[in-house]
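Since every read-out is calculated from the coordinates, none of them should be taken as a lab result. No experiment lies behind these values; they were computed from the predicted model shown. Here the Cβ is made from the backbone with ideal geometry for all residues, glycine too, and neighbour counts use every protein chain on show.
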Amino acid sequence: EEVPADYKEISFVCLRPDGCLELPTTLGTVCRKVAKTLEGFEGFHFHQLRHTYASNLLANGAAPKDVQELLGHSDVSTTMNVYAHSTRDAKRKSVRLLDKVVGND
């Protein structure tokens, strides 16, 4: 059987034990309940994990275009300007790169 030209494989992160897609409303409810019980997580939302996911992928060398596609964004600028956040470790690595350039390593 031929695969349609516009076919896009989709993989979901949150599935129920029966393999069905978990509803976003359920995930939000679970996150709110957990956030209420854990100190320091007040106001946490499930959607924030997308930011963490993108930032960690990029900090560990993933190509921005790949992260864009994994998140389902139509434009890489959304990924880089909204979802990608600099980490302390990434900033340290950047400073070390500058040290190499100016010969302070």
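For (1) within 16 Å of HIS47 (Cα to Cα); (2) touching a strand residue (DSSP E or B) at 6+ places or on another chain (Cβ under 8 Å); (3) of a type in the set (Gly, Ala, Ser), each residue gets a yes or a no:
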site	(1), (2), (3)
GLY61	no, no, yes
LYS65	no, no, no
GLY72	yes, no, yes
THR78	yes, no, no
THR87	no, no, no
LYS91	no, no, no
LEU97	no, no, no
LYS100	no, no, no
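What helices (runs of 4 or more DSSP H) lie completely within the chain and have 3 or more residues being β-branched (Val, Ile, Thr) and free of Cβ contacts under 8 Å to residues at least 24 places away in the same chain?
The qualifying helices (runs of 4 or more DSSP H) are 24-37, 88-102.
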